[in-house]
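Asker: The following block contains the structure, expressed as structure tokens.
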Amino acid sequence: MRPFAYRRATDARAAVASLSEQPNAMYLGGGTNLVDLMRLGVVAPEALVDVTRVASDTVEETAGGGLLIGSGVRNSDLAAHPVVRRRYPMLAQAVLSGASGQIRNMATVGGNLLQRTRCSYFQDVSKPCNKRRPGSGCPAVEGDHRNLAIIGHSAACVATHPSDMAVALAALGTSVHVEGRRGARQVTMPGLHRLPGDEPDRDTVLDPGDLITAVELPALPFAARSRYRKVRDRASFAFAVVSVAAALDVAGGVVRDCRIAFGGLAHVPWRAELAEEALRGSPATAAEFARAADAELARARPLPENGFKVPLTRNVLVRTLTELAETP
Ligand SMILES: Cc1cc2nc3c(=O)[nH]c(=O)nc-3n(C[C@H](O)[C@H](O)[C@H](O)COP(=O)(O)OP(=O)(O)OC[C@H]3O[C@@H](n4cnc5c(N)ncnc54)[C@H](O)[C@@H]3O)c2cc1C
Ligand code: SF4
């Protein structure tokens, strides 16, 4: 690992100013992804600006009935928070399905959102990779892509976004609070992460030096009936092959409203708007859930080795929605 300076920011403005003055510095949250990437030589910042004491570590109810979650909240605390568990169970389940207890104790909300892809070529500096070194090529297209994207990918990059938490946040429709060089602003999710196109090195719409200060969940009463289901190669400590975050509002056997997002399929947490549209006003039956899945998955363009993700996603969605529909 290359030598680097370490300093602790005192407030959000100072943190942003610090990165403006030293563009090759990076923010440090829990360090559970960034420090690994530094050890592997994937990134080599000159300085780390620790933002764990700048970003709020509280979860507060908002006047509008939502929740404001500081970007410094540790993943374990978020998953255990009683209001999150009661009103947004899919979020607590998504966070708990990721990493291990020790890692969740360190990992922060801000760092979780901005963790980098787990594509093996990205992490191996002896290989070309357009995301790590723009223009060097994408060996995954013809190589190992079993666990990579089936939707929204480009010839330049077929990587998937790794965060489970982000899938639940995209399903809920979350506002991300950002402090940047031009002041504070909000970015909506979905919309924070971007598809690769011909610039796969850019994971998000954030500008260099932008600091995530909080995420704000909307008031969504029917999210109390929600679930996160993750399919992975091992029972724990593994990233999603496919995952589904879903919330369902059913009255008289008919779907009044719903929220659905997929993980493990794309370069972004994939909000399934076509599936949602197909479901609203439909009977809450397995046949309709399958029809909604097909409406969304018609967009899929699987690679030679990952076509299995299409029926897998369909089955996981149908099962998750069926269970939600049967939940009192
Ligand atoms: C073995 C292992 C298994 C894992 N399994 C899973 C899994 O199954 N599912 C899953 O979702 N995750 C998994 N993870 C990833 C883990 O969730 C992330 O490493 C963690 O959430 C990152 O949070 P952090 O605070 O440690 O971020 P850091 O490593 O500190 O930072 C990550 C990135 O975010 C930037 N950053 C940090 N905070 C801010 C901020 N406030 N504003 C702007 N930029 C910021 C950093 O500069 C860096 O680029 C796993 C990790 C490991 C090591
Ligand atoms: S899929 Fe993306 S991250 Fe993986 S090797 Fe190709 S360009 Fe790099």
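Asker: So in segment 182-222, with the set limited to residues that are in a strand (DSSP E or B) and among the small types (Gly, Ala, Ser), which one is nearest to Arg85 (Cα to Cα)?
Answerer: Ala214
Asker: Still on this structure, please answer the following. Among the residues of segment 223-269, what is the count of those that are of a type outside the set (Val, Ile, Thr) and either surrounded by fewer than 17 Cβ atoms within 10 Å (Cβ to Cβ) or part of a loop (DSSP other than H, G, I, E, B) (or both)?
Answerer: To start, the set of residues in segment 223-269 that are of a type outside the set (Val, Ile, Thr) comprises 223-230, 232-240, 243, 245-249, 251-253, 256-259, 261-267, 269.
Of the ones still in play, those that are also either surrounded by fewer than 17 Cβ atoms within 10 Å (Cβ to Cβ) or part of a loop (DSSP other than H, G, I, E, B) (or both) are 224-225, 232-240, 251-253, 256-257, 264-267, 269.
Total satisfying the criteria: 21.
Asker: Say we look at segment 92-104 and pick out the residues that are in contact (Cβ under 8 Å) with a residue 60 or more places away in the chain and assigned to a helix (DSSP H, G or I); which of these is nearest to ligand 1 (Cβ to nearest atom)?
Answerer: So the residue we want is Ile103.
Asker: State the number of residues belonging to segment 126-136 that are within 8 Å of ligand 2 (Cβ to nearest atom) and within 22 Å of Leu34 (Cβ to Cβ). Write out each step before concluding.
Answerer: Narrowing segment 126-136 to residues within 8 Å of ligand 2 (Cβ to nearest atom): 127-132.
In the following step, the residues that additionally are within 22 Å of Leu34 (Cβ to Cβ) were identified as 127, 129-132.
The total comes to 5.
Asker: All but one of (1) in contact with a Lys or Arg (Cβ under 9 Å, 6 or more places away or on another chain); (2) crowded, with 23+ Cβ neighbours inside 10 Å; (3) under 25 Å from Thr160 (Cα atoms) hold for Phe308; state the number of the condition that does not hold.
Answerer: Only one criterion is unmet by Phe308, namely (2).
Asker: Please enumerate the residues belonging to segment 59-77 that are surrounded by 13 or more Cβ atoms within 10 Å (Cβ to Cβ) and either in contact (Cβ under 8 Å) with a residue 60 or more places away in the chain or assigned to a loop (DSSP other than H, G, I, E, B) (or both).
Answerer: Gly66, Leu67, Leu68, Ile69, Gly70, Ser71, Gly72, Val73, Asn75
Asker: Here is a further query. Provide a single number: the residues in segment 156-181 that are over 15 Å from the mean Cα position of the chain (by Cα), buried (at least 17 other Cβ atoms within 10 Å of the Cβ) and not in a strand (DSSP E or B).
Answerer: Of the residues in that region, 2 qualify.
Asker: Right, something else. Within segment 106-125, restricting attention to residues that are more than 8 Å from ligand 2 (Cβ to nearest atom) and touching a Pro at 6+ places or on another chain (Cβ under 7 Å), which residue is nearest to Pro269 (Cα to Cα)?
Answerer: The qualifying residue nearest to Pro269 (Cα to Cα) is Gln115.
Asker: Kindly list the number of the only condition in (1) part of a loop (DSSP other than H, G, I, E, B); (2) surrounded by fewer than 18 Cβ atoms within 10 Å (Cβ to Cβ); (3) more than 12 Å from ligand 2 (Cβ to nearest atom) that fails for Pro139.
Answerer: (3)
Asker: Do you know which residues across segment 148-190 are under 22 Å from Leu34 (Cα atoms) and either within 16 Å of ligand 2 (Cβ to nearest atom) or of a type in the set (S, T, N, Q) (or both)?
Answerer: Leu148, Cys157, Val158, Ala159, Thr160, His161, Pro162, Ser163
Asker: In addition: Can you name the number of the only condition in (1) within 16 Å of ligand 2 (Cβ to nearest atom); (2) buried (at least 24 other Cβ atoms within 10 Å of the Cβ) that Ala272 fails?
Answerer: (1)
Asker: Being of a type outside the set (A, V, I, L, M), more than 23 Å from Arg104 (Cα to Cα) and either within 16 Å of ligand 1 (Cβ to nearest atom) or touching a residue at least 12 places away in the same chain (Cβ under 8 Å) (or both) is true for just one of Asp257, Asp233. Which residue is that? Talk me through it step by step, then tell me what you get.
Answerer: On the way: Asp233 fails: more than 23 Å from Arg104 (Cα to Cα).
Asp257 is the lone residue from the list that is of a type outside the set (A, V, I, L, M), more than 23 Å from Arg104 (Cα to Cα) and either within 16 Å of ligand 1 (Cβ to nearest atom) or touching a residue at least 12 places away in the same chain (Cβ under 8 Å) (or both).
Asker: Kindly establish whether Arg39 is closer than 26 Å to Thr117 by Cα and either assigned to a strand (DSSP E or B) or of a type in the set (D, E, K, R) (or both).
Answerer: When the stated conditions are applied, Arg39 passes them.
Any read-out appearing in this document is the output of simple, stated calculations on the displayed coordinates, not a laboratory observation. Keep in mind that what you see is a predicted model, and the values were worked out from it rather than measured. Neighbour counts are summed over all protein chains in view; Cβ atoms, including those assigned to glycine, are modelled from backbone coordinates with ideal geometry.
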